Each structure stands twice: as C-alpha cells, then as structure tokens.
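The block underneath contains the structure these notes are about, expressed in structure tokens.
Nothing in this text is a laboratory measurement; each read-out follows from the coordinates by a stated rule. Computed from a predicted model, the values in this text were never measured in an experiment. Using ideal geometry, Cβ is built from the backbone for each residue, glycine included, and neighbour counts are taken over all protein chains shown.
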Amino acid sequence: MKKVDHIGIAVRSIEASLPFYTEMLTLTLLKEEVIKEQGVKVAFIDAGNVKLELLEPLSDESPIAKFLLKKGEGIHHIAFEEEGIETRMKQLKDKGLTFLTDKPKKGAGGADVAFLHPKQAHGVLYELCEHAREKGESHHE
C-alpha cells in the first residue's frame, strides 16, 4: 500500500455539510461527482496530506443510506492507494481475507475500488483504490 488516499465520511447532505469543511475549516473543495453505479454523490476535499470524501446517498437503497440509518453521519471508510489492485486483492485473499466484491468496481474519478470485509478488519471498512493513469503520467499527484 502506497498511502492513505482518502477518508470516506457519510453525510445526509453534501450541500449542508460542505460549509463546515470549506468555511469553518477553510479546506478546499476539489470536485463533486455522482457515481450512479454505487448510488452515491461524492465531494472530495483537500485536507493536506489526505483527501476527505463526503458520501451522500442518491436514494434510500444506497449502501450509504443504509449506513446512515444504522450508524448516523461519520467516518465510513479509509482508502489505501494501490498500484496493481487485482494483484493486491489476490495477495490478501491468499492470506484468508475476503472482499465485498470479487473484482474491483469503478469508483470516483474512474478509479478501480474494492472493499475488504469489515468483520475481518475489526469493524473498519477499508477500501483499496487504484487511480486511472494516463500513459506517460507520473505516479506523483
């Protein structure tokens, strides 16, 4: 794992939550995006050495909506940046860990993402994410 890429935070409303981050904490909004396949709207915030990802459900069927009902607003997941996510998934599966999906899915910004089962991680939902890279692009952001 290269580094912590972002920390996902479940919110009922990005619009209502964003001023806390941008006005009170004076952090910078990087982008907002809707990811229909995951049933979520996201907002990425620059928090210096890590990004914060606000996650708002698009419907009551969204996994984020279910999380909010069960646990309320707060930290949802911690994401580690990976290179070669499928290889890393195989390494972790070989150690006996399980993922919520068999293969990576598309996440924000076209990244490939996969989530480890939280029961094996002491109740924490960890995401592996591999950002799409253009040919010739540096691996430094």
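Of the residues T22, T98, which single one is surrounded by fewer than 13 Cβ atoms within 10 Å (Cβ to Cβ) and hydroxyl-bearing (S, T, Y)?
Exactly one residue qualifies, and that residue is T98.
Give segment 52-80 a look and list any residue that's more than 10 Å from the chain's Cα centre (by Cα), surrounded by 12 or more Cβ atoms within 10 Å (Cβ to Cβ) and assigned to a strand (DSSP E or B), or say none.
E56, P57, I75
Which residue pairs have Cβ atoms closer than 7 Å, lie 6 or more positions apart in sequence or on different chains, and pair a first residue in segment 2-30 that is more than 19 Å from E127 (Cβ to Cβ) and free of Cβ contacts under 8 Å to residues at least 60 places away in the same chain with a second residue that is surrounded by 12 or more Cβ atoms within 10 Å (Cβ to Cβ) and among the aromatic types (F, W, Y)?
That search, which allows pairs on different chains as well, returns L27/Y21.
Looking only at residues in segment 11-29 that are within 18 Å of the chain's Cα centre (by Cα) and of a type in the set (A, V, I, L, M), which one is farthest from L55 (Cα to Cα)?
In this case the residue turns out to be L29.
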